[in-house]
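The values are calculated or read from the model by the stated rules, or taken from the named source; none is laboratory data. Just so it is clear, the structure is predicted and the values come from calculations on it, not from any experiment. Heads up, the Cβs are rebuilt from the backbone with ideal geometry, glycines too, and the neighbour counts pull from every protein chain shown. Protein only, heavy atoms only, side chains kept; ligands, DNA and RNA dropped before computing areas. Shrake-Rupley method; radii C 1.70, N 1.55, O 1.52, S 1.80 Å.
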Amino acid sequence: QVHLVESGGGLVQPGGSLTLSCVASGSIFSLVAMTWHRQVPGMERELVASINSGGGINYADFVKGRFKISRISRTNGENTVNLRMDSLTPEDTAGYYCNARAYETSSKWGDYWGPGTQVTVSS
């Protein structure tokens, strides 16, 4: 089983910054990619940023130049990826969710989600 936990959300004023962190642990044989998504109630979950095991990075158009995803760091069986968010606007208010695509064995893989962390941008 693979477990993900996000942290770092909170209330921030417009123009402010936050850094979200996601830790993936458990039975990870091989990590394919880690991604950040966000969701507003009543709307579909949307991709924010992704990084694969080779270091390839992609961003949604609406965050380019404002958000930065870190490389995946591995320490003591835990894989961590951060999302630095600058120049936040009220439109960035959402629940932010981390996803890991990982192999638990050489042939068994899955998509795993964390419970999410709330980001609220308001004055």
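What to note about this one:
- Breaking point among (1) under 12 Å from the mean Cα position of the chain (by Cα); (2) surrounded by fewer than 18 Cβ atoms within 10 Å (Cβ to Cβ), for VAL23: (2)
- Matching residues, region 87-123, being farther than 13 Å from GLN1 by Cα and assigned to a loop (DSSP other than H, G, I, E, B): SER87, LEU88, THR89, THR93, SER106, SER107, PRO115, GLY116, SER122, SER123
- Total residues in region 87-105, condition closer than 16 Å to SER30 by Cα, surrounded by fewer than 17 Cβ atoms within 10 Å (Cβ to Cβ) and in contact with a strand residue (DSSP E or B) (Cβ under 8 Å, 6 or more places away or on another chain): 2
- For the criterion of being outside any loop (DSSP other than H, G, I, E, B), open to solvent by 30 Å² or more (accessible area, probe 1.4 Å) and either closer than 17 Å to SER17 by Cα or not hydroxyl-bearing (Ser, Thr, Tyr) (or both), ARG84 passes.
- Answer residue from region 66-95, given it is free of Cβ contacts under 8 Å to residues at least 60 places away in the same chain and in contact with an Asp or Glu (Cβ under 9 Å, 6 or more places away or on another chain) and is farthest from SER122 (Cα to Cα) among those: LYS68
- Filtered by the rule that a residue be surrounded by fewer than 19 Cβ atoms within 10 Å (Cβ to Cβ), within 11 Å of the chain's Cα centre (by Cα) and not in a loop (DSSP other than H, G, I, E, B), region 45-81 gives LEU47, LYS68, THR80.
- Just so you know, in region 1-19 the residues that are of a type in the set (Val, Ile, Thr) and open to solvent by less than 50 Å² (accessible area, probe 1.4 Å) include one that is nearest to CYS98 (Cα to Cα), and it is VAL2.
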